[in-house]
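The values are calculated or read from the model by the stated rules, or taken from the named source; none is laboratory data. Here the structure is a predicted model, which means the values were calculated and not measured. For neighbour counting, all protein chains shown are included, and Cβ atoms are generated from backbone atoms with ideal geometry for every residue, glycine included. For the accessible areas, the whole protein counts, side chains as well, though only heavy atoms, and no ligand, DNA or RNA atoms are used. Shrake-Rupley method; radii C 1.70, N 1.55, O 1.52, S 1.80 Å.
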Amino acid sequence: MTRETEVTPRPRDGLVARLDEADRLPGAEELRYLSYDMLGAGPGTRVVDVGCGAGRAVAELLEREVEAVGVDPSERMIAVARGRWPEADFRMAGAYELPLPDASADGYRADKVFHELTQPERALTEALRVLAPGGRIVLVGQDWDICVIDSDDPALTRTLVHARADLTVGPRAARRYRNLLLDACFQDVTVAVHTRVFTGPAMLPMLTGLADAACSAGAVDRVQADGWTADQRARAEADRLFLAVPMFVAAATAPR
């Protein structure tokens, strides 16, 4: 069984801290475990986790006796992952050029990755290359245009959500999962939506970041952003905050 070693966060590790917090949000663990089940990840299978970040999924797969390989284009992320789980296999690489031989993996997993890709089709071509015939692929992510937030100003809320989405490389990648997989010649394609609902203060940093990003993009002014954030903070303090984020989970099989 794997063990996460103690690592003292450095001030510049804000992204790592945010990823860790996201891993601890309600429903996050269940969604990760669902992705492992959909891969058929069991003892003796080999799975590549693309965009592995700080490596938690790879560690959890190792606990299942899976031969897991984590890849990420960030040298910093790979260093953090190796520091936490030194017995695991982490490699620095992007989704377009995976450091694996042809037909060498039984499973391919990408969680919150495809919205960062300019060429998702190219990533799926690479997935097909490394997957053995009949291998499984699972994609997990949110559609950045769909974020349900209760607010006293729904028009402003729509503006904030869409402005934040426009700052993302592929904000609507998740709604394209099915067609992307079909176009890449994957078989047995399924898509499900798992909606995560948040009603407490844990998501206030995310909501504040959304307003700040929209302000920086010029979609709203600072007064509007601060007023909207203050309303959400007041809702959280009064136990009236409501945020729903649909997460899309697509799975398919490589041609035999």
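Structural remarks
- Among the residues making up the range 123-161, those that are assigned to a helix (DSSP H, G or I), open to solvent by less than 70 Å² (accessible area, probe 1.4 Å) and within 24 Å of Ser35 (Cβ to Cβ) are Ala123, Leu124, Glu126, Ala127, Leu128, Val130.
- Residue check for Val48: of a type in the set (Val, Ile, Thr) and out of contact with any Gly (no Cβ under 9 Å at 6 or more places or on another chain): no
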